[in-house]
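Working notes, structure below.
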Amino acid sequence: MSSSSSSSRGALAAAAVPSLSADEAGAAADEAFLRYTSPSLRRSGGGGVAIVWFRNDLRVLDNEAVVRAWAASEAVLPVYCVDPRIFAGSTHYFGFPKTGALRAQFLIECLEDLKRNLMKKGLDLLIRHGKPEDILPSIAKAVTAHTVYAHKETCSEELLVEHLVRKGLEQVVIPQGGASNQKKPRNPKLQLIWGATLYHVDDLPFSVNNLPDVYTQFRKSEKGMHFVGGESAALGRVHEYFWKKDQLKVYKETRNGMLGPDYSTKFSPWLASGSLSPRYICEEVKRYEKQRIANDSTYWVLFELIWRDYFRFVSAKYGNSIFHLGGPRNVESKWSQDQALFESWRDGRTGYPLIDANMKELLATGFMSNRGRQIVCSFLVRDMGIDWRMGAEWFETCLLDYDPASNYGNWTYGAGVGNDPREDRYFSIPKQAKTYDPDGEYVAYWLPELRSIAKERRNFPGASYIKQVVPLKFDGGHQKRDQQFNRQRRPGHMYRRQK
Ligand SMILES: Cc1cc2nc3c(=O)[nH]c(=O)nc-3n(C[C@H](O)[C@H](O)[C@H](O)COP(=O)(O)OP(=O)(O)OC[C@H]3O[C@@H](n4cnc5c(N)ncnc54)[C@H](O)[C@@H]3O)c2cc1C
């Protein structure tokens with residue numbers, strides 16, 4: 001990986017997210033560190049060396065692996081492995097690049113920032129190229145580490161790596177100090193910590209295997225976007241969205257937008273890389289509710305974060321079935337793998353401006369709104385009848401915020417094969433276009449050829465645009481099904497807004 005950051009994005013007239021200067025983001029981050037780092041997190045005098053294996057937790061704040069390592073050791077060595085399977089590998093079924101260039105760049109920025117922030121705490125991040133199961137045992141041996149601390153994952157590829165690292169560490173023999181032959185040599189241990197969700201797995205009022213299958217029971221600007229990687233940018237974005245721009249109080253009204261940086265929080269890329277903790281967001285929401293206003297919008301951000309938790313727990317409960325064609329319920333349906341149709345979707349050449357604009361945004365920025373994701377997913381699986389895994393794997397390649405549990409969880413729902421049988425969605429493109437892009441501003445932004453067309457026709461340009469590759473299954477009148485999903489997404493019992 002190279003760290004020449006601007007080249008891949010230089011051609012885009014992109015709005016930085018956050019739109020703060022590096023100094024302003026740095027100051028917001030320092031303030032957050034100050035507010036949320038308690039003295040008890042300081043080293044409490046354990047012995048020996050511990051390794052912190054950074055994975056999808058590229059942050060200092062609210063990082064339990066760092067805290068535990070620090071508490072248990074005299075010295076801490078933070079390590080990140082640039083795993084060739086992730087950065088140079090391909091997706092499982094269809095062989096797309098495992099990590100697209102934009103996410104790779106975002107992760108490089110996350111690592112650079114993590115290195116800087118760890119330096120401030122007196123720790124130097126060691127970045128090594130290779131597989132964690134090769135690198136960690138050899139480093140553990142070299143520094144005679146007693147433990148490798150890391151965050152636990154839930155999906156199969158990540159679990160396999162955890163297994164291989166543990167096996168590798170078992171082969172390492174660390175001689176113990178003291179009188180010779182009195183203390184037996186030991187192997188370094190792998191200590192895995194749950195830390196990616198708002199709710200801790202142990203705090204669930206049921207075991208993950210009994211996770212309810214229905215979530216409700218569980219409880220404008222004109223520019224593309226360029227996300228700045230790293231914990232400082234993440235903390236800067238929270239500061240900007242909540243406090244500086246005061247957007248939190250209107251989130252519920254704006255969250256279905258598609259154009260510009262501020263219709264939604266845009267926290268997801270940092271959450272996925274772990275540069276931002278959901279618990280930190282929760283604390284900031286509560287602080288905002290105390291200092292400014294508590295309303296449906298402040299509540300709704302947490303509601304959405306609980307969706308993220310939910311899919312993580314679903315992945316823990318259902319294992320690999322979330323990646324299978326039939327999904328967790330093993331639903332049998334006929335799917336096509338028509339390459340030409342799929343490519344027209346992937347490249348934004350379907351003849352439906354709303355689909356094409358969203359797919360072009362994904363390719364150019366690595367991001368797509370939640371509304372857009374639902375629409376393009378529905379179009380691929382319902383109107384084209386294409387194997388949903390092709391769409392999911394393309395998202396896996398491109399998304400800055402790619403997260404296996406959220407991505408495959410949402411795709412299985414969109415394809416009607418998810419764990420919740422009631423999640424069977426069809427999004428009617430004409431209705432979505434009329435509701436969410438009535439003036440065709442979004443499609444005209446990504447498809448400049450539509451700008452000369454009257455606003456109300458931009459989403460329905462007829463012969464002025466490329467030919468439609470497939471007819472729609474339902475061309476209207478299916479608004480009931482369209483709305484079904486949102487009706488079901490009512491607040492669950494996991495979070496109650498504090499009065
Ligand atoms: C087909 C499909 C694939 C998706 N793939 C991913 C993915 O790989 N990674 C990912 O983080 N999100 C994924 N999502 C969920 C959602 O689209 C994004 O989290 C959201 O658009 C990110 O923008 P935001 O941070 O501004 O969200 P906001 O609206 O500001 O929401 C705040 C946070 O809540 C969480 N959240 C919101 N909606 C969802 C949801 N439906 N599922 C899970 N978490 C949610 C995210 O962490 C998000 O950052 C997918 C959705 C669909 C329909």
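One line per residue, one yes/no per condition, for (1) within 14 Å of the ligand (Cβ to nearest atom); (2) more than 15 Å from F367 (Cβ to Cβ); (3) under 18 Å from the mean Cα position of the chain (by Cα); (4) in the same structural domain as S369 (by TED's automatic domain parsing):
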position	(1), (2), (3), (4)
D202	no, yes, no, no
M225	yes, no, yes, no
E240	yes, yes, no, no
Y251	yes, yes, no, no
P261	yes, no, yes, no
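Tell me the helices (runs of 4 or more DSSP H) entirely within segment 392-465 that contain at least 3 residues that are within 11 Å of the ligand (Cβ to nearest atom).
404-414
Name the single residue that is farthest from R59 (Cα to Cα) among those in segment 263-281 being within 9 Å of the ligand (Cβ to nearest atom) and of a type in the set (S, T, N, Q).
Filtering first and then ranking leaves S264.
Check every one of the helices (runs of 4 or more DSSP H) wholly within segment 60-121 and list those with 2 or more residues that are acidic (D, E).
101-120
Return only the number of the condition from (1) farther than 30 Å from D437 by Cβ; (2) within 12 Å of the ligand (Cβ to nearest atom) that F303 does not satisfy.
It fails just one condition, (1).
Okay, residues lined up against (1) of a type outside the set (V, I, T); (2) assigned to a helix (DSSP H, G or I); (3) at pLDDT below 95; (4) within 22 Å of the chain's Cα centre (by Cα):
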residue	(1), (2), (3), (4)
R128	yes, no, no, no
D134	yes, yes, no, no
P137	yes, yes, no, no
A140	yes, yes, no, no
V148	no, no, no, no
T154	no, no, yes, yes
E157	yes, yes, yes, yes
E162	yes, yes, no, yes
R166	yes, yes, no, no
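Looking at segment 207-217, is at least one residue away from the ligand (no atom under 12 Å from the Cβ), charged (D, E, K, R) and surrounded by fewer than 17 Cβ atoms within 10 Å (Cβ to Cβ)?
no
With a cut-off of at least 2 residues that are modelled with pLDDT of 95 or more, name the helices (runs of 4 or more DSSP H) lying wholly within segment 212-304.
Per the criteria, 231-238, 251-254, 268-273, 278-291.
Being more than 13 Å from the ligand (Cβ to nearest atom), of a type outside the set (G, A, S), part of a helix (DSSP H, G or I) and over 20 Å from A101 (Cβ atoms) is the filter here; which residues of segment 356-391 pass it?
Result: D356, D383.
The values are calculated or read from the model by the stated rules, or taken from the named source; none is laboratory data. Keep in mind the model is a prediction, meaning the values are calculated, not measured. Cβ: placed from backbone, ideal geometry, glycine included. Neighbour counts: every protein chain shown.
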